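The values are calculated or read from the model by the stated rules, or taken from the named source; none is laboratory data. The model shown is predicted, which means the values in this text are computed figures rather than measured ones. All Cβ positions, glycine included, derive from the backbone under ideal geometry; neighbour counts span all protein chains shown.
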Amino acid sequence: MVTCRRINGRITSTRGFETEYPFAPHFLNINGHLLHYLDEGEGPPVVMVHGNPTWSFYFRRLTTRLSKKFRTLVPDHIGCGFSDKPGPDVYDYTLASRVADLDTFLARTVPEGKLNLIVHDWGGMIGLAWALDHLDRIDRLVITNTSGFFLPKTKRFPWILWIIKYMDWVAVPAVLGLNLFSKGALYLGACTRLSCRVKKGLTAPYNSWKNRIATLKFVQDIPLDPADPAWEVVARVDQQLHRLDPNQILLLWGAKDFVFDTCFLDEFLTRLTGAQSHVFEDAGHYLFEDKPEETAEQIHRFLVS
């Protein structure tokens, strides 16, 4: 199996996890940056939006399952996966930019008609912001371990994330230098013991100081104050979440998530009364790593119903 490919002058390598990620690469140029994505199968489109510090690899088993009946599209955000990783002086690593990138991506790959969205982590806020601007294009929406609102009143912002957001003298060497955010998530994110291949796959794109910029900027962009750049986008999603149709929504949750615990699920269910939901008591933030078969079956059943 080929584990190293040259695409548009750049190299993407799956060495060490090629059996876990046997997909052909695709690229789009968005404002001068190459965005990598998967495009597998034929049928109604299903778009999966990842968070931090994952990439399209996180959706690999769901892609394999759903691509038998659906066209599955899985983009890597700029700075993540096999997409370009420009410096912050060149690319604006903000929520608004992420939403705009997703809009451009969908305008070029699925320019019209209904589509299904599956979102996770900060990909939830990105996907929900896009969905609220395109309600007529949403067929089904699967929401997993994420947020669509400001921090619930019963929750406090995790101190580890606070340090990364505000204390550069700690965050820069820890996240960019030692890759502790991506590596730490391997142990905090899943309840099951991940194989060496899976650990390699989840962390492979973040293999240098330069290539870890997105993992830092995602956290630093979390809005805690109205002056933060992402505040306006989150406020809009928070205020308009009720416009989503609960009959189009499935909420799947890993109860042992160290950040997006069931308080977030309860908030979604309060705002989206009637939405389908299922809690996996022995799963964590990396729900699709802990429960790949069970989640794929529930999502497939929901999409074809």
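Overview of values
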| read-out | value |
| --- | --- |
| Residue satisfying condition, being under 19 Å from the mean Cα position of the chain (by Cα), of a type in the set (Val, Ile, Thr), surrounded by fewer than 17 Cβ atoms within 10 Å (Cβ to Cβ) and at pLDDT 95 or above, within set 72, 109, 63, 104 | 104 |
| Close pairs (6 angstrom Cβ cut-off, 6 or more residues apart or separate chains): farther than 17 Å from residue 141 by Cα and without any contact (Cβ under 8 Å) to a residue 24 or more places away in the chain in segment 260-279, assigned to a loop (DSSP other than H, G, I, E, B) and not charged (D, E, K, R) anywhere | 262/255 |
| Unmet criterion (only one of (1) touching a Pro at 6+ places or on another chain (Cβ under 7 Å); (2) within 28 Å of residue 197 (Cβ to Cβ); (3) of a type outside the set (Asp, Glu)) for residue 115 | (2) |
| Segment 206-223 residues that are polar (S, T, N, Q), paired with ones that are surrounded by fewer than 16 Cβ atoms within 10 Å (Cβ to Cβ) (beta carbon under 9 Å, 6 or more apart) | 220/166; 220/168 |
| Checklist (1) surrounded by fewer than 20 Cβ atoms within 10 Å (Cβ to Cβ); (2) out of contact with any Lys or Arg (no Cβ under 8 Å at 6 or more places or on another chain) applied to residue 286, failing item | (1) |
| Single match in 124, 87, 79, 51 (criterion: closer than 20 Å to residue 164 by Cβ, in a helix (DSSP H, G or I) and not charged (D, E, K, R)) | 124 |
| Which numbered condition residue 274 misses (of (1) part of a helix (DSSP H, G or I); (2) surrounded by fewer than 18 Cβ atoms within 10 Å (Cβ to Cβ)) | (1) |
| Among the candidates 92, 136, 103, 121, residue that is in contact (Cβ under 8 Å) with a residue 12 or more places away in the chain, among the acidic types (Asp, Glu) and farther than 15 Å from residue 51 by Cβ | 103 |
| Qualifying residues in segment 160-170 (those that are of a type in the set (A, V, I, L, M) and assigned to a helix (DSSP H, G or I)) - the one farthest from the chain's Cα centre (by Cα) | 170 |
| Test set (1) more than 19 Å from residue 79 (Cα to Cα); (2) in contact (Cβ under 8 Å) with a residue 40 or more places away in the chain - residue 193 fails condition number | (2) |
| Among (1) touching a strand residue (DSSP E or B) at 6+ places or on another chain (Cβ under 8 Å); (2) of a type outside the set (Val, Ile, Thr); (3) surrounded by 24 or more Cβ atoms within 10 Å (Cβ to Cβ), the one test that residue 57 misses | (1) |
| Candidates 147, 195, filtered to the one that is under 26 Å from residue 100 (Cβ atoms) and among the hydroxyl-bearing types (Ser, Thr, Tyr) | 147 |
| Tabulated pairs, segment 166-181, first free of Cβ contacts under 8 Å to residues at least 60 places away in the same chain, second surrounded by 14 or more Cβ atoms within 10 Å (Cβ to Cβ) and charged (D, E, K, R), C-beta under 8 angstrom, 6+ apart or interchain | 171/165; 175/212; 176/212; 179/212 |
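Rundown of residues vs (1) acidic (Asp, Glu); (2) farther than 23 Å from residue 63 by Cα; (3) touching a helix residue (DSSP H, G or I) at 6+ places or on another chain (Cβ under 9 Å), yes/no style:
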residue: 216; (1), (2), (3): no, yes, yes
residue: 239; (1), (2), (3): no, yes, no
residue: 247; (1), (2), (3): no, yes, no
residue: 251; (1), (2), (3): no, no, yes
residue: 258; (1), (2), (3): no, yes, yes
residue: 275; (1), (2), (3): no, yes, yes
residue: 281; (1), (2), (3): yes, yes, no
residue: 288; (1), (2), (3): no, no, yes
